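These notes are about the structure you will find just below.
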Amino acid sequence: MKLFQHLRQPILTHRKRLTSSIGVGLLRNVGSRRGFCASSDDSELKDLMEYMNSLKNYEKSGVPKDAGTDSEDGFDLGRMRRLLELLGNPHSRFKAVHIAGTKGKGSTAAFLSSILRAEGHSVGCYTSPHIQTIRERISLGRFGEPVSAKALRSLFHRIKKILDRAMEVDNGRTSHFEVLTAMAFTLFAQENVGIAVIEAGLGGARDATNVICSSGLATSVITTIGEEHLAALGGSLESIATAKSGIIKHGCPVVLGGPFLPHIEHILCDKAFLMSSPVVLASDAGNRSKINGVSMLNGRPFQSCDIVIRVERDFKLFIELLDVKLYMLGTHQLQNAVTATCAALCLRNLGWRISDECIRTGLQQTHLLGRSQFLTPKEAQAIGLSGATILLDGAHTKESARALMETIKMTFPGAALTLVVAMASDKDHLGFARECLSGGHVDGVVLTEASIAGSKSRTTAASLLRYCWIQASKELGIDVLHDEMSEHQDLSVDQLICLSKLGNKPIFSAEASFQASLNTANQILRGRTGDRLGIVVITGSLHVVSLVLATLHHHG
């Protein structure tokens, strides 16, 4: 019997002592359900959810090879256009900012939406995926709240016959994402939003959101180019850049976040040149942004930042914002804030009312579930991790893992660190592990499992993740203790705590049960903290973050 797997028996015998505050029944219920229900209002969405669950959902099944490329194998945008035509082309009735990118597009959308709302604009925002409820993907109005269950249910019943007709026309091939995108656009038109901020789902060229034409586009944004969804986007970094450049439209400005590799930047700029689109480089040498330090306010960490943008090429843009308090932490989030600020300045250049002060306010008011999200002490207690600082972050690529570790090192230098990691099957598990282990000392890693979009089909087994982390540690020359080592197979909980106190080798564990993973993380932390602060980071997927938040909702 393996080291930490054997802990399940001691944990059961000490259940009252170890899990009285963890809400075992709650965690079990959340694991068996989807974990996405955020409120009782969502019970009104039963008909809609049953309908949506009957559709092809690539978040559950994975995206086919070359599906996001502008080729014969790419998604059929004609299907999306036919659906929108049946709905009266709602996307033609508002202006949009279209955001694509490997990482950072959700955060950039959140920053920009917050800036526009701070100025008093009525904003529609469409993002994916959601964490607790499908309603999160669509926000409306001046306060940025998720669309109400009542409004979503009313719309669904009003257009159900049209959706059925679209299914008939396209032989049932209309997808979950296409229907939800069409519903978002219909709601934006119905509510007369002043502007919509729209995040692409996959790539850009063949994404369902890429039905926005140049007359409806205010500006496009490409945040970063990385290797996620490599097979679906053509197999190379260059093909990914080409796919994402598909959102650039004729005569409409494009903001490039970056920084990009020089040849990737050339691909994007060449496409902009062909489309006669002005280019704004958020990472231009003339722009200056820095983090001055990290402080606490009302129990929440924030980073004080200076953002100075001076663009002379194509557009002339300028702003100087000193001591901006960002609650979205890390250099990557500062870059996302700079990218959003450049987009806001582009809009201002085009005639939108956006003041410097509202840009500052919007940036400072931005937060996102599951991105740099710290739990309160009460919330940490509710999941059985009293006394620890709990960070939720949906990082799931090697780039985001690197950014996460840099953020932790900057915010909590010297803290004892345990990671709880669950990942989808189509991610770079080895690259993720390598970046986490090389980013600073990790005391423990608990590998676990979480359903992806409510399905186990894309879940990576905890044992396979453990193998990847062991492999990464060998490549990096890091000596570890793990539950495949014969000399550590029969340890009790108390022995594990003692083991954790011996030396500083990272401890790796595989736990298929999310509940057990939290217990194990707690034991490792108890052995390692001493007088140091203890940090537990739950990461690898927004879906494992969803388990935590759903648990807190039910517990509350």
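Conditions (1) under 22 Å from Ile319 (Cα atoms); (2) exposed (fewer than 14 other Cβ atoms within 10 Å of the Cβ); (3) modelled with pLDDT of 95 or more; (4) among the aromatic types (Phe, Trp, Tyr), marked per residue:
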| site | (1), (2), (3), (4) |
| --- | --- |
| Pro253 | yes, no, yes, no |
| Phe260 | no, no, yes, yes |
| Ala272 | no, no, yes, no |
| Leu281 | yes, no, yes, no |
| Asn287 | yes, no, no, no |
| Met296 | no, yes, no, no |
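Looking at the range 373-404 only, could you name the residues that are without any contact (Cβ under 8 Å) to a residue 60 or more places away in the chain and either in the same structural domain as Thr223 (by the TED database) or aromatic (Phe, Trp, Tyr) (or both)?
If the condition is that a residue be without any contact (Cβ under 8 Å) to a residue 60 or more places away in the chain and either in the same structural domain as Thr223 (by the TED database) or aromatic (Phe, Trp, Tyr) (or both), then no residue fits.
Going through the range 353-398 one residue at a time, which ones are open to solvent by 60 Å² or more (accessible area, probe 1.4 Å) and under 28 Å from Cys252 (Cβ atoms)?
Those that are open to solvent by 60 Å² or more (accessible area, probe 1.4 Å) and under 28 Å from Cys252 (Cβ atoms): Arg353, Asp356, Glu357, Gln365.
Yes or no, residue by residue, for (1) surrounded by fewer than 22 Cβ atoms within 10 Å (Cβ to Cβ); (2) in a helix (DSSP H, G or I):
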position	(1), (2)
Ile131	no, no
Phe143	yes, no
Arg153	yes, yes
Phe156	yes, yes
Phe177	no, yes
Phe188	no, yes
Ala196	no, no
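What single numbered condition from (1) under 20 Å from the mean Cα position of the chain (by Cα); (2) outside any loop (DSSP other than H, G, I, E, B) fails to hold for Leu329?
Status for Leu329: all satisfied but (2).
Quick one: count up the residues across the range 74-126 that are of a type outside the set (D, E, K, R), closer than 19 Å to Gln373 by Cα, crowded, with 24+ Cβ neighbours inside 10 Å and touching an Asp or Glu at 6+ places or on another chain (Cβ under 7 Å).
Looking only at that region, the number is 1.
Can you report the number of residues in the range 415-469 which are open to solvent by 10 Å² or more (accessible area, probe 1.4 Å) and under 20 Å from Ser546 (Cβ atoms)?
Total meeting the criteria: 13.
Name the pairs whose Cβ atoms lie under 8 Å apart, with the first residue in the range 456-467 and more than 13 Å from Glu59 (Cβ to Cβ), the second open to solvent by 40 Å² or more (accessible area, probe 1.4 Å) and polar (S, T, N, Q), and 6 or more positions between them or separate chains?
Thr460/Ser425
Any residue at all in the range 341-349 that's more than 18 Å from the chain's Cα centre (by Cα) and open to solvent by 10 Å² or more (accessible area, probe 1.4 Å)?
yes
Which residues, taken from the range 211-232, are within 11 Å of Ala96 (Cβ to Cβ), in contact with a strand residue (DSSP E or B) (Cβ under 8 Å, 6 or more places away or on another chain) and in a loop (DSSP other than H, G, I, E, B)?
Ile212, Gly216 - these are the residues of the range 211-232 that are within 11 Å of Ala96 (Cβ to Cβ), in contact with a strand residue (DSSP E or B) (Cβ under 8 Å, 6 or more places away or on another chain) and in a loop (DSSP other than H, G, I, E, B).
What do you reckon, is Gly235 in a strand (DSSP E or B) and either of a type in the set (A, V, I, L, M) or under 26 Å from the mean Cα position of the chain (by Cα) (or both)?
So Gly235 does not fit the description; no.
How about the range 428-460: which of its residues are modelled with pLDDT under 95, among the small types (Gly, Ala, Ser) and more than 18 Å from Ala416 (Cα to Cα)?
Ala450, Ser451, Ala453, Gly454, Ser455, Ser457
I'm told Thr361 meets every condition in (1) closer than 30 Å to Leu549 by Cα; (2) touching a Ser or Thr at 6+ places or on another chain (Cβ under 7 Å) except one. Can you identify the failing condition by its number?
In the conditions (1) closer than 30 Å to Leu549 by Cα; (2) touching a Ser or Thr at 6+ places or on another chain (Cβ under 7 Å), Thr361 misses (2) alone.
The values are calculated or read from the model by the stated rules, or taken from the named source; none is laboratory data. If you're wondering where the values come from, they're calculated on a predicted model, not measured in any experiment. Every residue, glycine among them, receives a Cβ derived from its backbone with ideal geometry; neighbour counts consider all protein chains shown. Side chains are part of the model used for accessible areas, which takes the heavy atoms of the whole protein and leaves out ligands, DNA and RNA. Shrake-Rupley method; radii C 1.70, N 1.55, O 1.52, S 1.80 Å.
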